[in-house]
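For reference, the structure discussed in these notes is given below.
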2 protein chains.
Amino acid sequence: MDKKTTSFDFIIQHKTTAEQSWPGAARAGVIHTPHGSINTPSFIFCATNGVIRGVAPDQMKEAGTQVILSNTYHLMLQPGPEIVAKLGGLHKMVAWNGPMLTDSGGFQIFSLGGGSASAEIKGNRKTKRKPLLIRIEEEGAVFKSYIDGSIHTLTPESSVQVQRKLGADLILVLDECSPYEVGRDYTAESMSMSHRWALRSIKEFEKEKVGSAGKQALYGIVQGGVYEDLRLESAEFTASQDYFGYAIGGCLGSNKFDLKDVMGMAMAPLNAATKKPHPTHLLGIGGVVDIWDGVAMGIDTFDCVNPTRLARHGGAYVRPKSLNNSLDRDHINLKNSSFRDDNSPIDLDCNCYTCRKFTRAYLHHLIKAGEITVSQYIAIHNVSFMNRLMDFIRTSIMNDDYASSREIWFSS
Amino acid sequence: MDKKTTSFDFIIQHKTTAEQSWPGAARAGVIHTPHGSINTPSFIFCATNGVIRGVAPDQMKEAGTQVILSNTYHLMLQPGPEIVAKLGGLHKMVAWNGPMLTDSGGFQIFSLGGGSASAEIKGNRKTKRKPLLIRIEEEGAVFKSYIDGSIHTLTPESSVQVQRKLGADLILVLDECSPYEVGRDYTAESMSMSHRWALRSIKEFEKEKVGSAGKQALYGIVQGGVYEDLRLESAEFTASQDYFGYAIGGCLGSNKFDLKDVMGMAMAPLNAATKKPHPTHLLGIGGVVDIWDGVAMGIDTFDCVNPTRLARHGGAYVRPKSLNNSLDRDHINLKNSSFRDDNSPIDLDCNCYTCRKFTRAYLHHLIKAGEITVSQYIAIHNVSFMNRLMDFIRTSIMNDDYASSREIWFSS
């Protein structure tokens, strides 16, 4: 809907054959936004509270970053959408002049419910957060602020209103992000409610089109958990709406279903039901193998807190050759005493600031000395690494050698 | 001693009249080192463990930094001088290609003794550190490692040996840094021992002159606490040795003696006893007023952890006009809710990265949101502020308007 009246656009530049990138067809494209373009496939880095942890905007740019995201849930509580608007919007406030995305708050609503279930989506992390969700009802979600205990309601309408004030380029409809453990019936009901919320979100979004047409573009979210028929239904519903982009949300795996299968359940019907290309985002997933798999299914953008979170724990991304080609791992832990006198950079092939300047031994020393500045340096590398991975994948698509490039990435 | 055979040199470019900068004569100069020159007066930033907290080397350079220091005590315990040497020395390890200084470990020995007394030198901070000093004897100081409890001895000789391995340009003789509370007798005895230690340090330093002549230059330290006759004796002793530079150490004030008076006790005889100019460093002091006072007495360089420490607590340096010309304070605290929607930079006159990019309101938001990345941004400003202050002072000396510039600094 945005294309006709706005500066948003999504162009597919090249698509590989399905043979090259089974089971779908990986694609390279460009998402145009009022704050610049995103060459896809691309990684979206998480600036939850409006800051990439440890990496300044200029350092993000230098590390090849195209697009970042912030979380509506966090920013609506602190500093509040009015303050962000008063400061000129999110781009100006955080000094990021490139494309930005905000989520809708849906994932946080869900994880406020208790937290144990969120582990299913993101891995198996335990969260110690107290349940702050009061109830989810047709109108929206009622929750307590984690900051001051005040009661808030997030509705499809208010989520769009808040995201309007934040002013990110790409915004999301509110959804309920239901975990695997709730079972099929709840997932089905939740999906239906998310669809009704989506329609309300669209209606709210359309209201202000006259005033701020072209400033923001809306993404719908495919729900349906690990159930193939629900994913089909949700994909068809989503494809029937006039969204600029699509996101794949909800439960993306469990012990019984792996991410790749669930991505397939969502992407196959979405690709089938969609006539023209829409930029498609996979919510909250950003493992290296997952990205290769996701791109093969037609996913264009990914987000994950791992590049900076891993850095805070001493983890630095490397290619498998540095891990004896272990595909189970994607990083080294610089806390390890084996790096005590390792005079090489994190990654010899990396040209990031950290790899140009510092050795593994120095970074290890900083960790041992309790100097948290080290997490900045590792984060810079991790950001650069993810951007380099996305570049590598994009080039392989353009060159029609996705399959062999994937092999090269993991073996050399 | 270094001048004849090495690339070290200290040139006075201009000296104001004593009338301009009572009671001495402020001077602008250049310290030449193998890693570049330092225009003086200059501030030396503390990279205790070999890292400026929150500010990367390139950001330090961009903020106008000329010289940094690291602490021998910390680096000898972690990662150890052998590792630093194996990594190519401190400059290479920490990726700082400019001038560097290391202290001797003396201040840490002293503060290991208990800690309550150290407050006298630096202010009134309480330290919770357990006493780890076992004893100070003629041979040196015996102490427990704060890392693993292992027993170490630091002697004048081993301090020089460790500093040789670290490889900083400017190195210091080992001294005992005695606090005010030990009284006059202890201070006198301690000073005499520090003088004997100084002679041993010089002897050790001279040993390797053939091998590494010109790579490092030695600073002596004037002791004597708050006692005018002792400061005189120590200044005359120090001036009689063939040091490249001088440092003012020991107790620099108490409730009864203010810093300015004690600086005068050390600097007056030092200036009187010195025939040719030596770069002179004030150890561990870096308040804005103190710097103006110190420069007036002929001090060339200052160091203090405040620019980065203050930043970690939300404190950002501003000029007095932003504080209603209160001379008691030198910073604003961005935690304060008055900055909640303050759309201006920390300092309108500042051109640092942080002031170019971010508002007070955003920095306040990051503090409220618990995002420690904010301390990086404030640290960048504080470093830039101190460098700007030193530039301003230096220019005022060159222009013979030190007195009026000081007034302008504090009133506009």
Per-residue HN-Hα couplings for region A:172-185, Karplus 6.51 cos²θ - 1.76 cosθ + 1.60 at θ = phi - 60°, whole Hz, x for Gly and Pro?
-> 10, 6, 6, 9, 9, 9, 8, x, 4, 5, 6, x, 5, 4
Using the Cα centre as the reference, give the magnitude of the dipole from point charges on the C-beta atoms of region A:312-403 (Lys, Arg: +1; Asp, Glu: -1; all else neutral), rounded to the nearest 20 debye.
-> 340 debye
With contacts defined as alpha carbon pairs under 8 Å and 6 or more residues apart, what's the relative contact order of chain A in percent?
-> 19 percent
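Can you tell me what share of the DSSP beta bridges in region A:2-304 is antiparallel? A percent to the nearest 5 is fine.
On the way: 19 of 43 bridges.
So the antiparallel bridges in region A:2-304 amount to around 45 percent.
Hey, with R₀ at 22 Å, roughly what FRET efficiency would B:Glu181 and B:Glu236 work out to, going by the Cβ-Cβ distance, to 0.05? Before the final figure, lay out each step's value.
Working: r = 26 Å, r/R0 = 1.18.
Efficiency computed from Cβ-Cβ geometry: 0.25.
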Average beta-carbon neighbours from other chains, 10 Å sphere, peptide A:57-68 | 1
Computed Rg/Rh for chain A (Cα atoms; Rh = Kirkwood radius) stands at 0.95
How big is D for the protein assembly as shown, in µm² s⁻¹ as a whole number, if Stokes-Einstein is applied with the Kirkwood radius of its Cα pairs at 25 °C and 0.890 mPa s?
-> 84 µm²/s
Can you work out ³J(HN,Hα) from phi for every residue in region A:358-366, in order, using Karplus 6.51 cos²θ - 1.76 cosθ + 1.60 and θ = phi - 60°, giving whole Hz and x for Gly and Pro?
-> 10, 9, 4, 4, 5, 4, 4, 4, 4
List every residue whose amide H lies under 5 Å from the amide H of B:Leu170, counting only residues 5 or more places away in sequence or on a different chain, with H placed 1.01 Å from N in the peptide plane.
-> B:Met100, B:Leu101, B:Thr102, B:Ala217
Taking B:Arg184, B:Arg231 and counting other beta carbon atoms within 10 angstrom, the fewest-first order is B:Arg184, B:Arg231
Any idea how far apart A:Ile134 and B:Ser404 come out in nm if each label point goes 7 Å out from Cα toward Cβ?
-> 6.6 nm
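Go ahead and estimate [θ] at 222 nm for chain A from helices alone: -39,500 (n - 2.57) per DSSP H run with n ≥ 4, summed, over the residue count, rounded to 500. Working shown, then result.
Working: 18 runs with 173 residues, N = 412.
The helix contribution divided over chain A gives -12000 deg cm²/dmol.
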For helix B:402-411, what angle does its Cα long axis make with the longest principal axis of chain B, in degrees from 0 to 90 and rounded to 10?
-> 50 degrees
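Taking neighbour Cβ counts within 10 Å as the exposure measure, how do B:His14, B:His195 sort from fewest upward?
Ascending number of Cβ neighbours within 10 Å: B:His14, B:His195.
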For the protein assembly as shown, what is the charge dipole size about the Cα centre, in debye to the nearest 20, if Lys and Arg each add +1 at the Cβ and Asp and Glu each add -1 at the Cβ?
-> 80 debye
Given a Förster radius of 35 Å and the C-beta distance between B:Asp349 and B:Ile11 as r, what FRET efficiency does 1/(1 + (r/R0)^6) yield to the nearest 0.05?
-> 0.70
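Work out the mean other chain Cβ neighbour count within 10 Å for the residues of B:365-374 and drop it here as an integer.
Rounded to a whole number, the mean comes out at 6.
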Distances in nm from A:Ile372 to the matching label points in the other copies, shortest first (labels 7 Å along Cα to Cβ) = 0.2
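Provide the percentage of antiparallel DSSP beta bridges, counting only those with both residues in the protein assembly as shown; round to the nearest 5. Show your work: numbers first, answer last.
Working: 43 of 91 bridges.
Beta bridges within the protein assembly as shown, antiparallel portion: roughly 45 percent.
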What list do you get for A:Met76, A:Met390, B:Met398 if you sort them by fewest beta carbons within 10 Å?
-> B:Met398, A:Met390, A:Met76
Paramagnetic reach from B:Glu206 (point 7 Å along Cα→Cβ, amide N under 12 Å) across region B:226-254 = B:241-243
Residues of region A:350-378 with amide N under 20 Å of the 7 Å Cα→Cβ point at A:His313 = A:363-378
Which ³J(HN,Hα) values in Hz, rounded to whole numbers, follow from the phi angles of region A:310-319 under the Karplus curve 6.51 cos²θ - 1.76 cosθ + 1.60, where θ = phi - 60° and Gly and Pro get x?
-> 4, 4, 5, 10, x, x, 10, 4, 9, 7
Inter-site label distance for A:Ser337 and A:Ile372 at 7 Å from Cα along Cβ, in nm | 2.6 nm
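Of the listed peptides B:339-345, B:365-371, what is their order by residue-averaged count of other C-beta atoms within 10 Å, with the highest listed first? Each step should come with its number before you reach the end.
Values: B:339-345: 17.4, B:365-371: 20.4.
So the order, starting with the most tightly packed, is B:365-371, B:339-345.
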Too-long pairs where the Cα-Cα distance tops 23 Å, listed order kept, from A:Lys368/B:Lys86; A:Lys15/A:Lys260; A:Lys61/B:Lys92; B:Lys15/B:Lys276; A:Lys357/B:Lys86; A:Lys86/A:Lys144 = A:Lys61/B:Lys92; A:Lys86/A:Lys144
What's the angle, to the nearest 10 degrees (0 to 90), between helix B:228-240's Cα axis and the longest principal axis of chain B?
-> 70 degrees
Contour minus end-to-end for A:Ile147 and A:Glu62, with contour as 0.36 nm per residue of separation and end-to-end as the Cα-Cα distance?
-> 27.2 nm
In degrees, nearest 10, the alpha-carbon axis of helix B:373-398 is tilted away from the dominant principal axis of the alpha carbons of chain B by 70 degrees
How far is A:Ile11 from the same spot in each other copy, in nm, shortest first, if each label point sits 7 Å from Cα toward Cβ?
-> 5.7
Label geometry 7 Å along the beta-carbon vector: A:Lys203 inter-copy distances in nm = 9.2
Collect residues whose amide H, placed 1.01 Å from N in the peptide plane, falls under 5 Å from the amide H of A:Val67; neighbours closer than 5 in sequence don't count.
-> A:Phe45
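Quick note: the coordinates plus some simple rules give every number you see, no bench work behind them. Please read all numbers here as calculations on a predicted model, not as lab measurements. So basically every Cβ, Gly included, is an ideal-geometry build from the backbone, and we count neighbours across all protein chains shown.
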